[in-house]
Amino acid sequence: MALQALYDVPAPAKINLFLHVVGRRADGYHLLQSPFVLLDWADTLHFERRQDGQLRRHDLGPALPAEDLCLRAAQALQHASGTRLGADIHIDKQLPWGAGLGGGSSDAASTLLALNRLWGLQWPRGRLAELALSLGADVPFFVGGDNAFVEGIGERLRPIDLPPAPYVLVKPAASLPTPDIFGHPGLVRDTEPVILVGSLDEAYALNGEHRQHGQRQGRCWVPGHGSFGRNDLQPPAEDRCLDVAQATKWLQARWGNSRMTGSGSAVFARVDEAGPPSATSLADLPPGWVGRFCRSLARHPLKGWAS
């Protein structure tokens, strides 16, 4: 019997441990390198099958734009697959937008994965990922299902294993339009590319080989080995929005580290594993700011929904 509904479908947030802009294509798209890490903070979606082909979105929380990324994803899959089925899509929006947490992209990816199942399409993950890239640079990551080292314009994903880690996130009241940040005249667009390696020994060997052959040494990143890199989008974001700079300082003063995620405006810090943080740690947030303690996920909760 065909599925009629899928309820409580998660769409988790992500953070960028670092984000380097390493170049720019002739068509204007920026080339990036960034480790994307899934978090246990998520939107929740519910899907009900329709026989009439209509796609209807129902907002259970804040009202979303009429043509949001989730609805665009449903339309794209419906068109590409040729199905005559439709769906009612209910969204309980918990992730703030304009934060760099990938909320809209995650909603779109969970929509693709859920409707692929609800409509009985049985598309493989690779085919869904190709469609996902047409929706936005971050959507293929969420379809992929693993924490990943992301390169290019978001189409090149290399799964990475990272130890679970706790984080605190702060989203100031202001939101940042992504085009404003990428269009900033002060944005660094030529950061030296990173070499992803599997061990410290391998990193040392690679650096030694570069020196031996007179090549640029570069930098080797070993997942899980401390703080590394920076977010190249952070200085332009702080220039455009004082709240981002204030949030960075607020976290730095309390946890000794801070970094903006994505194109902002949310900022995160790694926190101590010694024990659960107290809720009072966020009690003195400025008015209009949102704070939350999160943990990273080993994989996307819908990892098993596509092969």
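The values are calculated or read from the model by the stated rules, or taken from the named source; none is laboratory data. Note that this is a predicted model, so its numbers are computed, not measured. Counting neighbours? That spans all protein chains shown, and the Cβs are built from the backbone with ideal geometry, glycine included.
Quick check: is even one residue across the stretch 266-273 crowded, with 17+ Cβ neighbours inside 10 Å and in a helix (DSSP H, G or I)? No, the conditions are met nowhere in the stretch 266-273.
Suppose we keep only residues that are in a loop (DSSP other than H, G, I, E, B), surrounded by fewer than 18 Cβ atoms within 10 Å (Cβ to Cβ) and of a type outside the set (S, T, N, Q) within the stretch 230-265. Which one would you say is modelled with the highest pLDDT? Only one residue tops the list, namely 230.
Output the residue which, of all residues in the stretch 1-24 that are surrounded by 22 or more Cβ atoms within 10 Å (Cβ to Cβ) and touching a helix residue (DSSP H, G or I) at 6+ places or on another chain (Cβ under 9 Å), is nearest to residue 232 (Cα to Cα).
Step one: list which residues in the stretch 1-24 are surrounded by 22 or more Cβ atoms within 10 Å (Cβ to Cβ), which gives 9, 11-17, 19-20.
Still in the running and touching a helix residue (DSSP H, G or I) at 6+ places or on another chain (Cβ under 9 Å): 9, 11-14, 19.
Values: 9: 33, 11: 26, 12: 24, 13: 20, 14: 17, 19: 6 Å.
By that ranking, first place goes to 19.
So, residue 45, is that one touching a strand residue (DSSP E or B) at 6+ places or on another chain (Cβ under 8 Å) and in a strand (DSSP E or B) or not?
Against the criterion (touching a strand residue (DSSP E or B) at 6+ places or on another chain (Cβ under 8 Å) and in a strand (DSSP E or B)), residue 45 qualifies.
Taking the criterion of being in contact with a Ser or Thr (Cβ under 7 Å, 6 or more places away or on another chain) and either in a strand (DSSP E or B) or β-branched (Val, Ile, Thr) (or both), the residues of the stretch 15-37 that qualify are 15, 16, 19, 20, 21, 22, 37.
Every listed requirement among (1) touching a strand residue (DSSP E or B) at 6+ places or on another chain (Cβ under 8 Å); (2) modelled with pLDDT under 95; (3) surrounded by fewer than 16 Cβ atoms within 10 Å (Cβ to Cβ) is met by residue 186 save one, (1). Only one of the listed residues (135, 115, 169, 162) is touching a Pro at 6+ places or on another chain (Cβ under 6 Å) and touching a residue at least 60 places away in the same chain (Cβ under 8 Å). That residue is 162.
Out of curiosity, is residue 27 modelled with pLDDT of 95 or more, of a type outside the set (Gly, Ala, Ser) and either surrounded by fewer than 18 Cβ atoms within 10 Å (Cβ to Cβ) or outside the structural domain of residue 95 (by TED's automatic domain parsing) (or both)? It is false that residue 27 is modelled with pLDDT of 95 or more, of a type outside the set (Gly, Ala, Ser) and either surrounded by fewer than 18 Cβ atoms within 10 Å (Cβ to Cβ) or outside the structural domain of residue 95 (by TED's automatic domain parsing) (or both). Inside the stretch 236-273, residues that are farther than 11 Å from residue 171 by Cβ, among the hydroxyl-bearing types (Ser, Thr, Tyr) and touching a residue at least 60 places away in the same chain (Cβ under 8 Å) make up a count of 1. Each residue in the stretch 52-64 was checked for being exposed (fewer than 10 other Cβ atoms within 10 Å of the Cβ) and touching a strand residue (DSSP E or B) at 6+ places or on another chain (Cβ under 7 Å), and 1 pass. Taking the criterion of being in contact with a strand residue (DSSP E or B) (Cβ under 7 Å, 6 or more places away or on another chain) and among the hydrophobic types (A, V, I, L, M, F, W, C), the residues of the stretch 65-84 that qualify are 70, 71, 74. Among what's in the stretch 70-117 and is among the β-branched types (Val, Ile, Thr) and over 18 Å from residue 13 (Cβ atoms), pick the residue that is farthest from the chain's Cα centre (by Cα). Ranking the qualifying residues of the stretch 70-117, first place goes to 83.
The set of residues in the stretch 144-168 being under 27 Å from residue 189 (Cβ atoms) and touching a Lys or Arg at 6+ places or on another chain (Cβ under 8 Å) consists of 144, 147, 148, 149, 150, 151, 153. All conditions in (1) farther than 30 Å from residue 287 by Cα; (2) surrounded by fewer than 17 Cβ atoms within 10 Å (Cβ to Cβ) hold for residue 177, with the sole exception of (1).
Restricting the stretch 76-98 to residues that are at pLDDT below 95 and touching a Leu at 6+ places or on another chain (Cβ under 9 Å) leaves a set whose member that is surrounded by the most Cβ atoms within 10 Å (Cβ to Cβ) is 98. Quick one: would you say residue 122 is under 28 Å from residue 260 (Cα atoms), part of a loop (DSSP other than H, G, I, E, B) and not small (Gly, Ala, Ser)? Considered against the rule, which asks whether it is under 28 Å from residue 260 (Cα atoms), part of a loop (DSSP other than H, G, I, E, B) and not small (Gly, Ala, Ser), residue 122 comes out as no.
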